[in-house]
1. Do we find that residue A:93 is surrounded by fewer than 18 Cβ atoms within 10 Å (Cβ to Cβ), part of a helix (DSSP H, G or I) and at the interface with chain B (Cβ under 9 Å from one of its Cβ atoms) in this structure?
2. Of all residues in the stretch A:18-49 being within 16 Å of residue A:70 (Cβ to Cβ) and within 10 Å of DNA strand C (Cβ to nearest atom), which is nearest to the other protein chains (Cβ to nearest Cβ)?
3. Can you find, within the stretch B:50-90, the residue that is farthest from the other protein chains (Cβ to nearest Cβ) among those that are exposed (fewer than 14 other Cβ atoms within 10 Å of the Cβ) and under 30 Å from residue A:89 (Cβ atoms)?
4. Can you find, within the stretch B:19-37, the residue that is surrounded by the fewest Cβ atoms within 10 Å (Cβ to Cβ) among those that are in contact with a strand residue (DSSP E or B) (Cβ under 8 Å, 6 or more places away or on another chain) and within 23 Å of residue B:60 (Cα to Cα)?
5. Looking only at the stretch A:1-37, which residues are near DNA strand D (Cβ under 9 Å from one of its atoms), in a loop (DSSP other than H, G, I, E, B) and within 25 Å of residue A:85 (Cβ to Cβ)?
6. Which ones in the stretch A:102-122 are more than 7 Å from every other protein chain (Cβ to nearest Cβ), in a helix (DSSP H, G or I) and under 32 Å from the mean Cα position of the chain (by Cα)?
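Any read-out appearing in this document is the output of simple, stated calculations on the displayed coordinates, not a laboratory observation. All of these numbers come straight from a predicted model, not from anything done at the bench. Because the Cβ atoms are built from the backbone with ideal geometry, glycine has one as well, and the counts that use them run over all protein chains shown.
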DNA sequence: GTAAACGTTGACATCGGCGTCAATGTCAAG
DNA sequence: CTTGACATTGACGCCGATGTCAACGTTTAC
């Protein structure tokens, strides 16, 4: 299928698809006229990428998952490297949450100080 | 005092000080030779800006605080507009935290699924 | 007089994922 | 032949705060 169809079926813009390819996450065959030619498997790959990006992964971090799928695994996460990324990501998220909680506390404290009448739930 | 001294006393780069001024948060008198000339009060203003930026406020959001100080209040947060920003910020942070928690859950779930042996604390 | 240290403005680079426009090629339908 | 939908590559814009460099003026100390 051509890029337009892949875009439509995955809900990803053609711009993004080319971007993914530019970064080596997607490989497209070319038809004689130079058009990109994708197979059914690519729908899966793109879906995996999107799902991960939506959860906050960077494009780079999706690479192990894509590689994993391409190696024939049923899930992008069933490879050691993917698991590592999962765990790093969990740690990242936890760190971010701690930062936000600390920040929240600080803001709440300052608010309480400068506005004694303001109640802050939490 | 000149910009170098203010930078040193506040721990803020001269680049940043000029940036704050460019965005109307700082006003500097000029000496005859064109150098910026700051007063003691400006140390306070800059400290307020930095403190807020460090807690995750945008430069724009620090404006009410600066204005508040400039109007003679002892604290940047003791004005109605500042309190509003505080509250908006708290809401923002809470929203971000919720997003991260949801994200964390999702990542943990996927990890658990693709790596049944991996334990995830939380 | 001259070097060092400081000041000035202006402009480009960063980061990430993508929108968007431009200039141009391809192909199917009328 | 022409129109329109689709494809190609390349490049700029965005967002926010700041680093950094350039090219130049000022002050201080020797």
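1. Against the criterion (surrounded by fewer than 18 Cβ atoms within 10 Å (Cβ to Cβ), part of a helix (DSSP H, G or I) and at the interface with chain B (Cβ under 9 Å from one of its Cβ atoms)), residue A:93 does not qualify.
2. If we take residues in the stretch A:18-49 being within 16 Å of residue A:70 (Cβ to Cβ) and within 10 Å of DNA strand C (Cβ to nearest atom), then A:49 is nearest to the other protein chains (Cβ to nearest Cβ).
3. B:58
4. B:29
5. The answer is A:28, and nothing else.
6. Result: A:102, A:105.
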